[in-house]
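These notes concern the structure reproduced below.
The values are calculated or read from the model by the stated rules, or taken from the named source; none is laboratory data. Just so it is clear, the structure is predicted and the values come from calculations on it, not from any experiment. Cβ: placed from backbone, ideal geometry, glycine included. Neighbour counts: every protein chain shown.
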Amino acid sequence: MSADQETEKPPVFRSWAGWYWTVLLIMAVQLIIYCWITFSY
Amino acid sequence: MNAVDWIVLFGTLGTIVLYGVMKTRGTRNMEAYLLGSKSLPWWTVCLSIMATQASAITFLSTTGQGYEDGMRFLQFYFGLPVAMIILSVTAVPLYHKLKVFTAYEYLETRFDLKTRSLAAFYFLMLRGVSVGITIYAPSLILSTILGWNINLTTVLIGSLVMVYVVSGGTKAVSVTQKYQLTIIMTGMVLTGLIAFWKLPGNVSFSDAFRFAGETGKLNLINLSFNLEDRYNIWSGLIGGLFLFLSYFGADQSQVGRYLSGSSITESRLGLIFNGILKIPMQFIILYIGLMIFVFYQFYQPPLIHNVSLRDKVVMAGAEARVKELEAEYDGVFLERRTAAEGLMQAIQGKDASAIQTQKESLKQAQQKENELRNDMKDLVKKELPGQNPMDKDYVFIHFVMSYLPHGLIGLLLAVVFSAAMSSMASELNALASTTTVDIYRRSMRPGQSDEHYVSASRWMTIGWCVFAIVFASLANQAENLIQFVNIVGSLWYGTILGIFLSAFYLKYLRSNAVFWGAIFAELIILYLYFFTKVAFLLYNIIGCVAVVALATLFQLMEGKKKRPAV
């Protein structure tokens, strides 16, 4: 993690990693939904 | 179109232009004009990023893509969220820390002037061509639909954009974009809802969804790995990742958007929310195309969605053949509608064997309809040489003009104009910034006052706008130009990304190695384009890898040359 990341605290989460994991989690959930739609409809 | 539509259309466009001018007048220094005084909150940054990426042709083409090809185009965006994270970690803090006006300015700090100028040149090449198409493509469609002269439409869009971009610079671009995107999404969602409401009374939302699935349109994920297939999950995740890293990390039209954030936090949150919202937004747009597809199962679509071509073919003397095709088409549509109604009933009755039977009937009727549509396109080619008979981009706008109530037609036309204007504004602003900062201020007239460079930026904006309008007028004469320009981005982005990746992460690389690596990598990409069938999304990876590999090789060779003989 760079010095800049440490100096600017993000809102909501303690570190920026919290935001990055949120983006990845939302992406993963979307992929699961899209797979479910594709293979069950 | 009636008076209400015209009032809504010009009222909306006029308000946007006026708001952009009023909100940003009196901009006199470089930081205010090129970076919006670095004062914007994250949500303005995010909306500005999204509005820049979504041009008019995105809305017209994507709905057409959903209508004809289903949802598979969505996979193109799967690499975007990861790209947003990587850029939030790397590019955002670096650009903010160095206080650069453009992304290319950073390359001189890391390498040297020639590498900076090369990257700026590559950018001006790709963005200069695409700004012409950003204005040409919607002008072509709007002029056809409204019966306007295409050059007049081009000049109208270009002039409206020029007024507020010249006046207020980056801030004018960003503050207008947030309203433009709001208008765009409101109009799009209303259209989707109207398409759904107009379906026969007994068809529910879930029936329509199921119907789209049974007809093969809910093809969101394709797991097959095929290098020549444009849209599968792998090309989206890997090729898309490289494309979006390059587009958001090294293309000034996007870098300029998040550099206007008031801090690293605001810029980062802008990118992060783009990563969260972009794919659902594209899903909605594609789904609107799908709703129009379901709608046209029960209502007869035109034989060719660009109906002006039908009239031109009649005028060219082929009226008898057109009428013959239309009579046949009427019969085929009745057959198809009966099959569609049968399939819908089978879906509602959850009767698996009936679903299969009706699907087969629908498929056969659809095939006959497609043959007739192809016959019509062949007739267009024969009677009107030089006219493009592809009508996918007209599906959405023809639906709007035919089935939406007055007032909303005006709003939806304002949507198309707004989308064209928002993308063009960012592109003009980026072209002007790059030309002024990386070429004019650095190599032609260094050491002048802020007022001088702001004035130069304003003239550059006017210059690029005139170029875009002239290019659009010339594009009118050429065939297949849109297809060509669609891949121009991928022709250059990989190489530009390779230069930036080398700058960010590969500390052992020096300027000469990267400079020559970037030149030879571009030659490889041009070879692939002209002599192979490799899918264009892969150019982004190949270009990037080629720059890094060649630069490493050249660096090793240079190191050996410099090593003293033992």
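Brief remarks on what is shown
- Criterion: in contact with a helix residue (DSSP H, G or I) (Cβ under 6 Å, 6 or more places away or on another chain) and of a type outside the set (D, E, K, R) - qualifying residue of B:Leu126, B:Leu146, B:Leu156: B:Leu126
- Single residue of region B:503-531 satisfying the filter (farther than 17 Å from B:Tyr493 by Cα and among the charged types (D, E, K, R)) that is modelled with the highest pLDDT: B:Arg510
- Evaluation of B:Lys350 against (1) at positive phi; (2) of a type in the set (Lys, Arg); (3) not in a loop (DSSP other than H, G, I, E, B) (one fails), failing number: (3)
- Within the set B:Thr62, B:Thr15, the sole residue that is touching a helix residue (DSSP H, G or I) at 6+ places or on another chain (Cβ under 7 Å), modelled with pLDDT of 85 or more and not hydrophobic (A, V, I, L, M, F, W, C) turns out to be B:Thr62.
- Selection within region B:186-241 - of a type in the set (A, V, I, L, M) and more than 10 Å from every other protein chain (Cβ to nearest Cβ): B:Met188, B:Val189, B:Leu190, B:Leu193, B:Ile194, B:Ala195, B:Leu199, B:Val203, B:Ala208, B:Leu227, B:Ile238, B:Leu241
- Any hit, region B:219-232, residues being closer than 30 Å to B:Ala425 by Cα, of a type outside the set (A, V, I, L, M) and surrounded by fewer than 17 Cβ atoms within 10 Å (Cβ to Cβ): yes
- Subset of region B:299-315 [of a type in the set (A, V, I, L, M) and either assigned to a helix (DSSP H, G or I) or more than 28 Å from B:Ala340 (Cα to Cα) (or both)]: B:Val307, B:Leu309, B:Val313, B:Val314, B:Met315
- In region B:195-207, the residues that are closer than 14 Å to B:Val400 by Cα and buried (at least 19 other Cβ atoms within 10 Å of the Cβ): B:Ala195
Each row is one residue, and each column tells you yes or no for (1) modelled with pLDDT of 90 or more; (2) within 23 Å of the chain's Cα centre (by Cα); (3) under 20 Å from B:His305 (Cα atoms).
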{"position": "B:Ala346", "(1), (2), (3)": "yes, no, no"}
{"position": "B:Ala352", "(1), (2), (3)": "no, no, no"}
{"position": "B:Lys377", "(1), (2), (3)": "yes, no, yes"}
{"position": "B:Phe399", "(1), (2), (3)": "yes, yes, yes"}
{"position": "B:Pro405", "(1), (2), (3)": "yes, no, yes"}
{"position": "B:Met424", "(1), (2), (3)": "no, yes, no"}
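- Among helices (runs of 4 or more DSSP H) entirely within region B:78-167, having at least 2 residues that are within 30 Å of B:Phe399 (Cα to Cα) singles out B:113-146.
- Test: B:Leu181 is in contact with a Phe, Trp or Tyr (Cβ under 7 Å, 6 or more places away or on another chain) and either more than 14 Å from every other protein chain (Cβ to nearest Cβ) or more than 30 Å from B:Arg28 (Cα to Cα) (or both): no
- Restricting region B:259-270 to residues that are farther than 16 Å from B:Leu98 by Cβ and touching a Phe, Trp or Tyr at 6+ places or on another chain (Cβ under 6 Å), the residue that is farthest from the other protein chains (Cβ to nearest Cβ) is B:Gly270.
Each row is one residue, and each column tells you yes or no for (1) under 17 Å from the mean Cα position of the chain (by Cα); (2) closer than 30 Å to A:Trp19 by Cα; (3) away from every other protein chain (no Cβ under 14 Å).
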{"site": "B:Tyr67", "(1), (2), (3)": "no, no, yes"}
{"site": "B:Ala83", "(1), (2), (3)": "no, yes, no"}
{"site": "B:Ala120", "(1), (2), (3)": "no, no, yes"}
{"site": "B:Leu124", "(1), (2), (3)": "no, no, yes"}
{"site": "B:Ser130", "(1), (2), (3)": "yes, no, yes"}
{"site": "B:Thr154", "(1), (2), (3)": "no, no, yes"}
